[in-house]
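Below is one structure; the comments refer to it alone.
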């Protein structure tokens, strides 16, 4: 009986060795990472001359976004727009926001506009046309809030106000400018001289 | 000076809130308003425009809690200096009203009271010892008016 055990011994050792080597092989082997685009900021689709319409709960057009072209990135689902123009329509006075570039976050919640950002509000009920210019501005389209951490120039008719930063809430109808505020306010004569 | 009121208003401040709904501009922090020869310094300044677009400013607070006003007199090389916890200036009527701890000095003349109304057009004052142009007879807050005799043209402020 004894020698059988003896003859078994090398078999046991061999299976042990084989087991260890398989385990070692599996442990050290890099799991083959497929080059998914998740790790690289790569476009997964682009579009040209786009028009995007957003409807509010009542089905009315809340805003229309037009752009020369757009690039969509798979990894963070963000979108880059070239020459975007955003028109807010269902308001007493139309408001337009445009710039050279814009990046739109995944669910379109945050839009960062860069280079020659211009916000234009048409004249309405006695108030003259107003514009706001800056180099970079973040817009939250759904809550119609905006913020610029760069110098801004606000005009209302001939009145001009410059400042270092800006925050605005279109719904509350408030624009707050901060830092080195300089304003030249003219009498905007609502009744145009004949 | 009369010409001031049609000139644009220049304002410097730390912050401004443009309130569309009420059509006002609220300037805050080291506010300096200049319009022609008129200057108003305060902590806060609310500017509104009436129908014809004339600006109206309400300045509150400032150094020592007092807003300050300075304007050159019409055709004279004299300045009107005023201060009060609140100064209301109306470009159309050219009325400047000073509320609480009001003090206006024009050339040699000096006026103190709880409320002073200085009419820039006629360069006349109304001063009372009660707030908001009310008079309180027995109150010890008295009105002090010092009017220097005019040497030359004799047009003394009442």
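Kindly indicate whether any position in the range B:25-38 is away from every other protein chain (no Cβ under 14 Å), part of a strand (DSSP E or B) and either buried (at least 22 other Cβ atoms within 10 Å of the Cβ) or out of contact with any strand residue (DSSP E or B) (no Cβ under 7 Å at 6 or more places or on another chain) (or both). Looking through the range B:25-38, none of the residues is away from every other protein chain (no Cβ under 14 Å), part of a strand (DSSP E or B) and either buried (at least 22 other Cβ atoms within 10 Å of the Cβ) or out of contact with any strand residue (DSSP E or B) (no Cβ under 7 Å at 6 or more places or on another chain) (or both). Elements of the type strands (runs of 3 or more DSSP E) sitting completely within the range A:83-194 and holding at least 2 residues that are within 14 Å of chain B (Cβ to nearest Cβ) and over 23 Å from the mean Cα position of the chain (by Cα): these cover A:152-156, A:159-163, A:174-185. Could you list, in sequence order, the residues of the range B:51-63 that are surrounded by fewer than 18 Cβ atoms within 10 Å (Cβ to Cβ) and closer than 19 Å to residue B:82 by Cα? If the condition is that a residue be surrounded by fewer than 18 Cβ atoms within 10 Å (Cβ to Cβ) and closer than 19 Å to residue B:82 by Cα, then B:56, B:61, B:63 are the ones that fit.
Against the criterion of being under 17 Å from residue A:159 (Cα atoms), in contact with a strand residue (DSSP E or B) (Cβ under 9 Å, 6 or more places away or on another chain) and either away from chain A (no Cβ under 14 Å) or in contact (Cβ under 8 Å) with a residue 60 or more places away in the chain (or both), residue B:59 does not qualify.
Being surrounded by 20 or more Cβ atoms within 10 Å (Cβ to Cβ), more than 10 Å from every other protein chain (Cβ to nearest Cβ) and not in a loop (DSSP other than H, G, I, E, B) is the requirement here; does residue B:48 meet it? Answer is no for this residue. Selection of the range A:25-48 for residues being at pLDDT 80 or above and not in a loop (DSSP other than H, G, I, E, B) yields A:43, A:44, A:45, A:46, A:47, A:48. The strands (runs of 3 or more DSSP E) falling completely within the range B:67-158 that include 2 or more residues that are over 29 Å from residue A:187 (Cα atoms) and at pLDDT 90 or above map to B:95-106. Within the range B:1-22, the set of residues being assigned to a loop (DSSP other than H, G, I, E, B) and at the interface with another protein chain (Cβ under 7 Å from one of its Cβ atoms) comprises B:8, B:20, B:21.
The values are calculated or read from the model by the stated rules, or taken from the named source; none is laboratory data. Treat the numbers as computed from the prediction; the structure is a model and nothing was measured. A quick note on method: Cβ atoms are made from the backbone with ideal geometry, for glycine too, and the neighbour counts reach across all protein chains shown.
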